[in-house]
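Have a look at the structure below, then the notes.
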Amino acid sequence: MEDTQTVLFFASISGKKVEADFNGGTTTGDGGVLLLRELESRIGIVDRIVESLWDRRHQSYVDHSYTDLIRQRVLQIACGYEDANDSDDLRSDPGMKAACDRLPITGDDLASQPTISRLENDVSRTDLYRVGRAFVDAFINSYDKPPKKITLDIDDTDDPTHGSQQLCLFNAHIDEYCYMPLHIYEGETGKLITSVLRPGKRISGNEAAAILKRVIEPIRQAWPKTRICLRGDSHFSTPEIHDLCDEHGVAFILGQAANKKLKRIGLPLMAQAMALAKKTGETVRLFSSFDYQAGSWTHPRRIIYKAEVTDGKPNPRFVVTTIRNRTPKFLYEKVYCPRGRMEGFIKNHKTFLHSDRTSCHRFTANQFRLFLHSAAYVLLHALKYTGMLGTKWTTSNFDTIQLRVLKIGARVREQATKVRFHFSTSYPLKDLLRTIVYNLDTA
């Protein structure tokens, strides 16, 4: 629909008035969404989600299938439109319509915000369980053959709430009401395995083990010979997780909270580090390992101890692991510390895809929203590492990809036998688009 009322006035150029309006007609500001359409057809993440849901609607009154609704919502999120309200303006956008397999001009419009909101609030807990499993299956299916090894990076993050959302709790550590969603990625590739919305409190060992079991079992069943290593912060070092990993043949390397006994065992090495630091005036790092058994553990575990002195102050760190054929220094610096990359994965998911927009009242609706944002993560991750393979763009954050590759203006035309998108002649990343299309065709 054209806006014939609004006119914007700007400074004159060479004595001529400069005006702008919103009567451009069949143009889109998100021409790059066609790339996501190609990716989604190969990955099939939308179909996996749809197959997990039970459509409870009376089909006589249905205008938009679940496939149409979820594809529309996921592609909009991937392009930076995180709010369901944006659907009202984008439902007639020719780029979005084409990406959802509708003719961009003569095809029916997409769904409006009320329809999208009804979808988000219609899912059940059983539906969500199956969707969570669908993400694990999609992760497994993303490999052409079983990998030799994978790293399961696990961490939670704060998701501040504003209102009376179900199960939002006050978290004293971050000093606000929030959710604490749990994210699990493959640590070397950044592929998302699953994301689980949780109440705003520290996760317990039993809860974490229950979630991990639903991830590890299908992976182990699909890849019985793959070496799996779990990596996480100290609050994941619990007897329940240790025993779960032992049961399924999964190695782990986890942060370990310090206590009086551990500090006492590490005291001689810390004294040595303090003496060296005092002598050299530089930061000192010394490593050792020893066996230790907490009262709740079933048997002793290997502890990696880092005695570090920085600016004359002690900075001890402990890590518990099942890996015994590597040196303490190697395990800490080369195996455990790279878990810091996960902060980047979560940043892409939460900050650049706005997955913390969990503003529904019902907890199940917010979990479904988190899954929709996770599907958008899967698409952008594939665009980054498959479509942009061999380019410098594989190091880019998602917001850069959105702004430079997806936000492309285009004039759209429907012809008798084809649909044409006309991008700007001066678009500076023509070669990148050609590379992406080539990589997707040959992947």
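I need the full set of residues from region 305-356 which are among the acidic types (D, E) and either within 27 Å of the chain's Cα centre (by Cα) or closer than 18 Å to G266 by Cβ (or both), in order please.
First, the residues of region 305-356 that are among the acidic types (D, E): 308, 311, 333, 343, 356.
Scanning region 305-356 gives E308, E333, E343, D356.
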Exercise. On the given criteria, is T395 within 24 Å of L440 (Cβ to Cβ), at pLDDT below 95 and of a type in the set (S, T, N, Q)?
Worked result: yes
Exercise. Going through region 277-304 one residue at a time, which ones are within 14 Å of K261 (Cα to Cα), touching a His at 6+ places or on another chain (Cβ under 8 Å) and either aromatic (F, W, Y) or buried (at least 16 other Cβ atoms within 10 Å of the Cβ) (or both)?
Worked result: none
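Can we say L103 is in contact (Cβ under 8 Å) with a residue 40 or more places away in the chain, touching a helix residue (DSSP H, G or I) at 6+ places or on another chain (Cβ under 6 Å) and in a loop (DSSP other than H, G, I, E, B)? Before you say what the answer is, go through the steps one by one.
Working: in contact (Cβ under 8 Å) with a residue 40 or more places away in the chain: yes; touching a helix residue (DSSP H, G or I) at 6+ places or on another chain (Cβ under 6 Å): no; in a loop (DSSP other than H, G, I, E, B): yes.
Against the criterion (in contact (Cβ under 8 Å) with a residue 40 or more places away in the chain, touching a helix residue (DSSP H, G or I) at 6+ places or on another chain (Cβ under 6 Å) and in a loop (DSSP other than H, G, I, E, B)), L103 does not qualify.
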Exercise. If you take just the strands (runs of 3 or more DSSP E) that sit entirely in region 115-207, which of them hold at least 1 residues that are touching a residue at least 60 places away in the same chain (Cβ under 8 Å) and of a type in the set (K, R)?
Worked result: 149-156
Exercise. Would region 88-97 turn up any residue that is in a helix (DSSP H, G or I) and either among the hydroxyl-bearing types (S, T, Y) or closer than 19 Å to S355 by Cα (or both)?
Worked result: no
For this session: Scan region 1-58 for residues that are β-branched (V, I, T), within 23 Å of L380 (Cα to Cα) and open to solvent by 100 Å² or more (accessible area, probe 1.4 Å) and jot them down.
Result: none
Problem set entry | Single condition L379 does not satisfy, out of (1) part of a loop (DSSP other than H, G, I, E, B); (2) open to solvent by less than 50 Å² (accessible area, probe 1.4 Å) | (1)
Problem set entry | Pairs where the first residue, in region 389-409, is open to solvent by less than 40 Å² (accessible area, probe 1.4 Å) and the second is aliphatic (A, V, I, L, M) and not in a helix (DSSP H, G or I), C-beta under 7 Å, 6+ apart | T394/M388; F398/L353; V405/L429
Problem set entry | Residues of region 9-47 classified as over 18 Å from Y427 (Cβ atoms), within 20 Å of the chain's Cα centre (by Cα) and not charged (D, E, K, R), total | 6
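The values are calculated or read from the model by the stated rules, or taken from the named source; none is laboratory data. These numbers were taken from a predicted model, which means no experiment stands behind them. Reconstructed Cβ throughout: ideal geometry from the backbone, glycine too, with neighbour counts over all protein chains shown. Protein only, heavy atoms only, side chains kept; ligands, DNA and RNA dropped before computing areas. Shrake-Rupley method; radii C 1.70, N 1.55, O 1.52, S 1.80 Å.
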